[in-house]
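Have a look at the structure below before the remarks.
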Amino acid sequence: IFSDVDTGTVTFLPLEENSDGKYQIKKCNIYQIQLTHIKDEEWSVSIVAPFPEDWFSDGIAYPKLAWLGNELLSRLAKWSVEQKPSEFKSTLSLISVAKYSKVYQDLKEKYREMVKVWPEVTDPEKFVYEDVAIAAYLLILWEEERKEKALTKKQSFVDLGCGNGLLVHILNNEGHSGRGIDVRRRKIWDMYGQETHLEESTIMPGDSHLFPDTDWLIGNHSDELTPWIPVIAARSSYSCCYFVLPCCFFDFHGKYSRRQSKKTQYREYLDFVAQVGFVCGFHVEEDCLRIPSTKRVCLIGKNRTYPPTECALIDKQITQYINNRQTCAVVTCDRRVGFNHKDHSDSVCKEADSELPENETDTAGTIWMPGFQPREKVEQIRNCASLPQDFVDDVVLNVANLLLNATPQKSCSNIHGGTTNTWNQGESLSLKEVAEHLNKETLKRLKSEYGGLQTLLKNNHQVFEVLNGRVHIRDWRKEKPSTKTKPEVKRRLSAEAFKTRLCWFFIHHPDGCSLPSESCPYAHGTEELRQSQIIKKKKYI
């Protein structure tokens, strides 16, 4: 990136690594942002691409030119003049940016090979570099804590809801003893080796999941455990600290419900998690991480607001706060959850008084909130992809017949070989109207899937088009070929998929397919079917 203050220009030269490990400039994707003074207080900002006709876009590292011109340009103009104060702290405000940059680059180089061997279905670049960035942040944070508190030994940690375990792997490799716990084992765990300590276990907030010998608890996108982590840290020991990076919005008992309309949902949830930390007796600090995510605000509790002699008092305060946030259904059961939990804090903390009936002592003494729902061990696929094919085929056929037989019918004419071909396109109906014509059992089955009926119809892209909540029969004659040159990878995928599936219209539509066989990407009969090839995904950076 070349910045010229005198001329008001910033030029971006993309570098790509070749097979020899050398970098070359990708000339077709050079672009420049220009700031020009018009007169008085009037300025203009523009984006210039010297070779627009050769521009390459992969949707990952290289955006589309239309996005640069339409989206980015307007945002740059807006950001340049708005004086709206940010509701978040500036990035990396609690640590040295210079130290972070050095550590991050070192770790990125050290673990870059993980991107090439990533066995999970998730995007390797996002997850690898995000965990590298979080690890770099924690390493600097902990280094500065050792200086502040005159500690000689590197901090220990437990990552609750560790997921792919890469953060644990990096921290272990960098000399910090610790482990990760997650309800579900990942394939990549087997690649780390015995030096990385990962456990497959369900974490229930309670006395059986306290960590009195651990310095730090980590919650990196820990979902339903997020608000519990400050509580677990407070009750583990007086010296236990925590780091949470909230993502999905969960309360102690389930999904978080909004209470303030003047804040964004994200800001409101961060304030809630920070409040939990304050109630637990922590000085809560907030910072913004430099990671490829929209949820990048972390909350840190590393110092207490009370002396060790007040542990029991703070413990009762925590319990009361949790009780107050329970739903009415739980409160009416008169379960004063948590007052009887065993105190595993430092020896100066006394056991809290019991206010539970005798027959409830054992349950509440183990689990702080009966009814807490941990993440399921087996991740359910609920995007209609796991539905039986015969069930999907029946729904598709029923909906298609409903559209074709609706009145008034739409007929589209087209000329093939000199003769006029009238093809019934059917009528469009709203999703609600379509649902009203399906039986209760079918709807019940679809409601258990994310997106329900709409997801199933969109999955059957060959037959249906869903626009603005209305369902249409897809007319392939109207599918306009892209005027832009597709990237090589997309052209290859299209070619490999050609004629590998039967044409639904050829088999089921009363007028057959609207396209002649040579133009239809689907097979008109089994004799046209090609064997499906294994498509290898190739990443273009």
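List of remarks:
- Residues of the stretch 98-123 that are closer than 30 Å to Thr264 by Cβ and either in contact with a helix residue (DSSP H, G or I) (Cβ under 7 Å, 6 or more places away or on another chain) or outside the structural domain of His169 (by the TED database) (or both): Tyr100, Tyr104.
- Any hit, the stretch 132-141, residues being at negative phi, without any contact (Cβ under 8 Å) to a residue 24 or more places away in the chain and of a type outside the set (Gly, Ala, Ser): no
- Within the stretch 456-507, the residues that satisfy the criterion of being under 15 Å from Ala523 (Cβ atoms), at pLDDT 90 or above and open to solvent by 70 Å² or more (accessible area, probe 1.4 Å) are Phe506, Ile507.
- Among the residues making up the stretch 208-264, those that are open to solvent by 30 Å² or more (accessible area, probe 1.4 Å) and either at pLDDT 95 or above or in contact with a His (Cβ under 6 Å, 6 or more places away or on another chain) (or both) are Pro212, Asp213, Asp215, Tyr238, Ser239, Cys247.
- Residue selected from the stretch 185-207 under the condition open to solvent by 50 Å² or more (accessible area, probe 1.4 Å) and more than 24 Å from the chain's Cα centre (by Cα), by the criterion nearest to Gly163 (Cα to Cα): His197
- Among residues of the stretch 421-449 that are over 25 Å from Trp476 (Cβ atoms), those with a beta-carbon under 7 Å from a residue that is among the small types (Gly, Ala, Ser) and part of a helix (DSSP H, G or I) at least six positions away or on a different chain give the pairs Leu443/Ala435; Leu446/Gly452.
- Filter result (loosely packed, with under 13 Cβ neighbours inside 10 Å and part of a strand (DSSP E or B)) within the stretch 1-11: Phe2, Ser3, Asp4
- Scan the stretch 127-143 for residues that are open to solvent by 40 Å² or more (accessible area, probe 1.4 Å) and over 24 Å from Gly21 (Cβ atoms) and the total you get is 2.
- For the stretch 107-146, the candidate set comprises residues that are part of a helix (DSSP H, G or I) and of a type in the set (Phe, Trp, Tyr); within that set, the residue that is farthest from Arg296 (Cα to Cα) is Trp142.
- Residue that is least open to solvent (accessible area, probe 1.4 Å), among those in the stretch 271-298 that are part of a strand (DSSP E or B) and either free of Cβ contacts under 8 Å to residues at least 60 places away in the same chain or on the phi > 0 side of the Ramachandran plot (or both): Phe282
- Of the residues Tyr104, Tyr31, the single one that is within 30 Å of Phe243 (Cα to Cα), at pLDDT 90 or above, open to solvent by less than 90 Å² (accessible area, probe 1.4 Å) and not polar (S, T, N, Q) is Tyr104.
- Annotation note: of Lys39, Lys22, Lys89, the sole residue that is open to solvent by 100 Å² or more (accessible area, probe 1.4 Å) and either under 30 Å from Lys295 (Cβ atoms) or assigned by the TED database to the domain that holds Ala136 (or both) is Lys89.
- Candidates Ser44, Ser80, Ser19, Ser57: the one that is at pLDDT 90 or above and among the small types (Gly, Ala, Ser) is Ser44.
- Strands (runs of 3 or more DSSP E) lying entirely in the stretch 20-74 (those with 1 or more residues that are under 22 Å from Val5 (Cβ atoms)): 31-39, 42-48
- Top-ranked residue in the stretch 157-172 [being surrounded by fewer than 24 Cβ atoms within 10 Å (Cβ to Cβ) and modelled with pLDDT under 95; ranked as nearest to Lys302 (Cα to Cα)]: Gly161
- Filtered residue count, the stretch 48-87, keeping only those that are touching a Phe, Trp or Tyr at 6+ places or on another chain (Cβ under 9 Å) and aromatic (Phe, Trp, Tyr): 3
- Residue in the stretch 307-319 that is under 18 Å from Thr226 (Cα atoms), open to solvent by less than 30 Å² (accessible area, probe 1.4 Å) and either outside any strand (DSSP E or B) or at pLDDT below 95 (or both) present: yes
The values are calculated or read from the model by the stated rules, or taken from the named source; none is laboratory data. This is a predicted model, so every value here is computed, not measured. Every residue, glycine among them, receives a Cβ derived from its backbone with ideal geometry; neighbour counts consider all protein chains shown. Side chains included, ligands, DNA and RNA excluded: accessible areas come from the protein's heavy atoms. Shrake-Rupley method; radii C 1.70, N 1.55, O 1.52, S 1.80 Å.
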